[in-house]
Structure formats: C-alpha cells, structure tokens
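Comments concern the structure below.
Computed from the coordinates by the stated procedures, all read-outs in this text should not be read as laboratory data. Note that the structure is a prediction, hence the values are computed from the model and not measured. Using ideal geometry, Cβ is built from the backbone for each residue, glycine included, and neighbour counts are taken over all protein chains shown.
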Amino acid sequence: SSAQIGVTGLAVMGRNLARNFARNGYTVAVHNRTAARMHALVEEFGHEGSFVAAETAKEFVAALERPRRLVIMVKAGEPTDAVIEEFAPLLEPGDMIIDGGNAHFADTRRRERALREQGIHFVGTGVSGGEEGALNGPSIMPGGSKESYESLGPMLEKISAKAADGAPCVTHVGPDGAGHFVKMVHNGIEYADMQLIGEAYQLLRDVAGYEPAQIADIFRTWNTGRLDSYLIEITAEVLSHVDAATGKPFVDVVVDQAEQKGTGRWTVQIALDLGVPVSGIAEAVFARSLSGHAALREASRRLAGPTAAPLGEAEAAAFADRVEQALYASKIVSYTQGFHEVAAGSDEYGWDIDLGAVSAIWRGGCIIRAAFLDRIRAAYDARADLPSLLSDETFAREIADAQDDWREVLIAATRQGVPTPGFAAALAYYDALRAERLPAALTQGQRDYFGAHTYRRTDRDGSFHTLWGDDRSEVSA
Ligand code: 6PG
C-alpha cells in the first residue's frame with residue numbers, strides 16, 4: 001500500500017487527472033472497470049510518474065495508503081452510485097471517496113450522508129477545465145468535511161491551476177454538496193457567457209455586416225481589454241477556422257443546434273426552487289433548447305421579419321464598440337445572478353460559502369476563467385456581505401458608462417430582428433432592480449381581487465383585503 005491517491009474511471013477526465021497527480025510526484029493507483037483501459041494508460045504514460053496498476057477493486061483499495069483517497073471519475077447518476085456501492089464495503093472509517101464528476105449536488109448530499117454513517121468522507125468535488133485542465137491544472141471545487149480537506153487540500157493545491165498571482169485555484173467550498181453546487185452554478189454562468197458571446201457574434205454579423213474572420217479579429221481585440229477571458233479567446237479561434245472540405249467559415253458548416261448535458265438546466269431548476277432570478281442563465285438554456293427544435297424552426301421560417309435596412313459600412317466600427325459595452329454589461333449581470341444563487345444555496349443549506357474565495361478559484365483553470373474574476377474577488381474581499389455585485393461601486397460605475405450603448409444595441413437588434421434574449425434579459429434585470437416602483441403592486445391587487453390573497457400597504461403594517469365584490473372597503477386580513 002504505497003499509493004497516496006487512486007483514480008478509478010479512466011475516460012479522458014479520469015486519465016488526465018491521474019497523470020496530473022503522477023506528474024506532480026504522487027504515486028497513483030489506477031483502476032478501470034475494463035482493465036484494458038488502465039493498462040493502456042500505464043503503458044502510454046507510465047514514464048510520466050509512478051503508477052500502480054490495479055486490475056480489481058480489491059487490488060485498487062489494497063494499493064492505497066491509509067487513510068485512503070479514492071477519486072472516482074465516472075458518469076454522474078447511476079454509474080456513480082454503482083461505483084460507490086462497489087468500493088464502500090472495502091473501505092474503513094477515515095477513508096475518503098472523492099467524486100470528481102459533474103454530479104447533482106442533491107445526489108452528493110445524499111451520498112455524503114449515507115457514507116458518513118460508515119465513517120467514510122465523501123467529497124463531492126467540482127472539477128473544471130475540460131481535458132486540458134484536468135491534465136495541466138483544473139479549477140477544483142471540493143465540498144465534504146473540513147477534515148477531509150486537511151488531508152486532500154495540499155494535494156489538490158499541487159495539481160490545480162494557479163491564478164496570475166500564483167494562488168492555487170482550489171478551496172474548501174463548504175460541507176457536503178457545496179462543491180458540486182458551486183460547480184453547477186459555474187456551468188450556468190458558462191452557458192450565459194457563451195450565449196452572450198453568441199449574441200454579440202450574431203449582431204456583428206447581421207447588423208454590422210462583418211464576416212466571421214473579421215469578427216474573430218474583433219474578439220481578439222476585445223480579449224486584450226476587460227473582456228480578457230478563455231471563452232473570448234477560443235471564440236476567436238473557432239470563428240477564424242476555415243472548413244477544409246468546403247473552404248467556408250467553419251461556423252457556417254456546423255449544424256446550428258446547441259446541445260447540453262444538464263448542468264445549466266440544473267442551475268435554473270434550482271434557482272426556481274430557491275426563488276433566485278437567474279434570467280440570463282435561463283435564457284441561455286432556453287436558447288439552446290430552441291435551437292434544437294428543428295421542425296418548429298422550419299415551420300416558422302416564413303414568419304414576417306422587420307423591413308429596416310442593416311447598418312452602412314461607415315457605422316459598423318462604432319456599432320462593434322457598442323456591442324462590446326452591451327456584452328460587458330450583460331456579463332456583469334450574469335455573474336451577479338450566478339453569485340446570488342451561490343449565496344442563496346449557501347443560506348439554504350448552511351454552507352457558509354465565501355464568495356470571494358469562489359471568485360478567486362475561478363480565476364484560473366476553469367472554462368469561465370477571466371481577468372474579470374479578479375475584480376469580483378476584489379469586490380467581495382472589500383465587502384464580504386455585498387448584497388449584489390451591482391452594489392459594488394466599480395461595477396455600478398462601469399454599467400452606468402455602458403448602459404446607453406447597451407440600450408442602443410438592443411434597439412438595433414430589435415429593429416433588425418436579431419434575437420438577443422441574453423442581452424435583453426440582463427438589461428431587464430438591471431432596470432427592474434433600479435426601479436422605484438414595480439408593477440408587482442398591480443399583481444398583488446389582481447391576486448387580491450380574484451382570490452382574496454391579500455396585500456401589504458406602503459403606509460401601514462399588516463395584511464389587508466379589499467371587499468372587491470361588495471362596497472370595496474378595506475379590511476384587515
Ligand atoms: C468544465 C465544463 C464541463 C463541461 C460541461 C458543460 O467546467 O470543464 O463546464 O463540465 O463542458 O459538462 O457541458 P454541456 O454544454 O454539454 O452541458
């Protein structure tokens with residue numbers, strides 16, 4: 001028993017994570033349901049470090065030093081439960097099972113509770129950064145017990161990405177499902193970022209008349225400024241790519257139906273339960289669903305569109321600058337909504353999540369990594385109980401500066417019939433929060449009218465009901 005850590009489930013993510021541990025000097029036990037994949041890993045990458053090949057679950061567990069640290073990298077849902085059922089009986093109190101898949105946090109809570117009774121630490125861990133990140137340094141979001149982090153933390157810090165200031169992109173997010181919850185919201189924000197970038201692209205193309213290669217250059221320029229991020233960087237790469245078979249821009253030969261594996265949808269489902277308005281993330285999920293309704297789209301192709309003419313060439317560059325403003329302002333709103341959901345989850349489940357620490361570990365390694373996250377960290381470091389990112393002076397000022405252009409972009413989009421649900425939802429959220437009065441007062445009046453659901457008054461405490469069908473006098477409810 002010499003391995004400090006073991007990885008079972010050696011598909012791309014598991015394999016790369018195992019190699020990452022080995023490259024960092026750890027002895028890594030490796031196991032896979034079909035042993036051939038495990039042998040292939042040892043054969044191909046054995047020279048990178050110290051691996052212990054385990055053909056069976058028993059061999060795997062026996063190879064681990066105690067307390068055992070066992071990473072499972074299998075599909076979320078039933079496959080994860082199956083692996084836990086296989087290994088848990090072989091473990092002893094104090095051992096740790098680290099689930100690095102994209103599990104639903106409610107499953108993680110359930111598993112953590114069950115294994116805790118056996119004295120086993122179950123550490124639901126968000127891992128972001130795709131294949132490349134798993135190998136060279138992901139952003140890591142572990143939940144589970146504090147004790148487990150004392151033992152695991154140093155190893156995770158070693159294999160994680162490092163932010164520009166050298167800080168490892170890993171922190172103990174909170175107990176039980178906190179890590180997977182935060183990873184879920186990370187993915188929701190990822191969906192929103194991708195949707196907003198998609199809308200910016202479509203506007204540059206359909207309103208300003210730019211070609212994909214030109215738009216790639218615009219994104220490259222944006223990537224040198226405040227939008228500097230991994231997703232903007234890869235957007236430029238995808239847009240400048242030319243399809244070898246046809247010579248057309250790659251983006252024009254890909255079927256325009258976006259798929260999803262579920263984490264963005266979960267973010268919205270949970271937000272609905274928590275009563276947190278994540279309208280930008282919701283629009284991003286719905287935009288993917290809409291894109292996939294091929295028959296519905298086909299049946300709708302002949303619906304009337306606007307008659308306005310697109311912009312002239314002379315106006316294109318100024319419009320592109322406005323789109324940058326709209327994109328940046330909408331991005332601030334998506335992150336505001338995402339962090340609100342993390343805060344609400346933390347309250348609901350008693351996780352005590354440090355939002356500044358979460359923004360800090362998203363600065364490197366993960367898909368939404370961006371210079372921007374360092375500024376969010378600064379905002380929460382300055383004030384841990386910030387009610388919303390929009391209450392941070394710097395972000396509020398930036399939105400104030402961007403808002404005229406943001407509105408103009410939406411006017412142009414509407415006039416030209418370019419769908420921009422993400423930009424529009426973000427602006428509506430901003431304007432709703434700013435509003436002195438909302439039509440919610442009317443909604444309450446309607447509810448009281450048809451269902452005697454009562455309302456509160458602005459000038460007095462208590463609940464009231466108006467006798468709508470009678471003399472319309474008011475009674476205390
Ligand atoms: C990451 C990614 C990763 C994956 C998601 C999103 O953080 O490394 O978010 O988890 O790409 O599963 O995928 P879908 O777009 O398929 O939902």
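Observations, loosely collected:
- Residues (free of Cβ contacts under 8 Å to residues at least 60 places away in the same chain, buried (at least 17 other Cβ atoms within 10 Å of the Cβ) and of a type in the set (Asp, Glu)) located in region 360-401: Asp392
- Of the strands (runs of 3 or more DSSP E) lying entirely inside region 55-161, those carrying at least 1 residues that are within 14 Å of the ligand (Cβ to nearest atom) and not polar (S, T, N, Q) are 96-99, 121-128, 139-142.
- Number of residues in region 12-40 that are within 18 Å of Val83 (Cα to Cα) and part of a loop (DSSP other than H, G, I, E, B): the value is 3.
- The residues listed here are Gly262, Gly247; of these, the one that is more than 16 Å from the ligand (Cβ to nearest atom) and either surrounded by 14 or more Cβ atoms within 10 Å (Cβ to Cβ) or not aliphatic (A, V, I, L, M) (or both) is Gly247.
- Residue in region 118-135 that is surrounded by 15 or more Cβ atoms within 10 Å (Cβ to Cβ), more than 19 Å from the chain's Cα centre (by Cα) and touching a residue at least 60 places away in the same chain (Cβ under 8 Å) present: yes
- Residue within region 286-301 that is within 16 Å of the ligand (Cβ to nearest atom), of a type in the set (A, V, I, L, M, F, W, C) and either more than 30 Å from Ser388 (Cα to Cα) or free of Cβ contacts under 8 Å to residues at least 60 places away in the same chain (or both) present: yes
Each row is one residue, and each column tells you yes or no for (1) over 30 Å from Gly137 (Cα atoms); (2) outside any helix (DSSP H, G or I); (3) of a type in the set (A, V, I, L, M).
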residue	(1), (2), (3)
Ala316	yes, no, yes
Gln325	yes, no, no
Ser359	no, no, no
Tyr380	no, no, no
Phe395	no, no, no
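- Output for region 196-207, where each listed residue is in contact with a helix residue (DSSP H, G or I) (Cβ under 8 Å, 6 or more places away or on another chain) and either part of a helix (DSSP H, G or I) or polar (S, T, N, Q) (or both): Leu196, Ile197, Gly198, Glu199, Ala200, Tyr201, Leu203, Leu204, Arg205, Asp206
- Among the conditions (1) away from the ligand (no atom under 16 Å from the Cβ); (2) assigned to a helix (DSSP H, G or I), Ala304 misses just one, which is (2).
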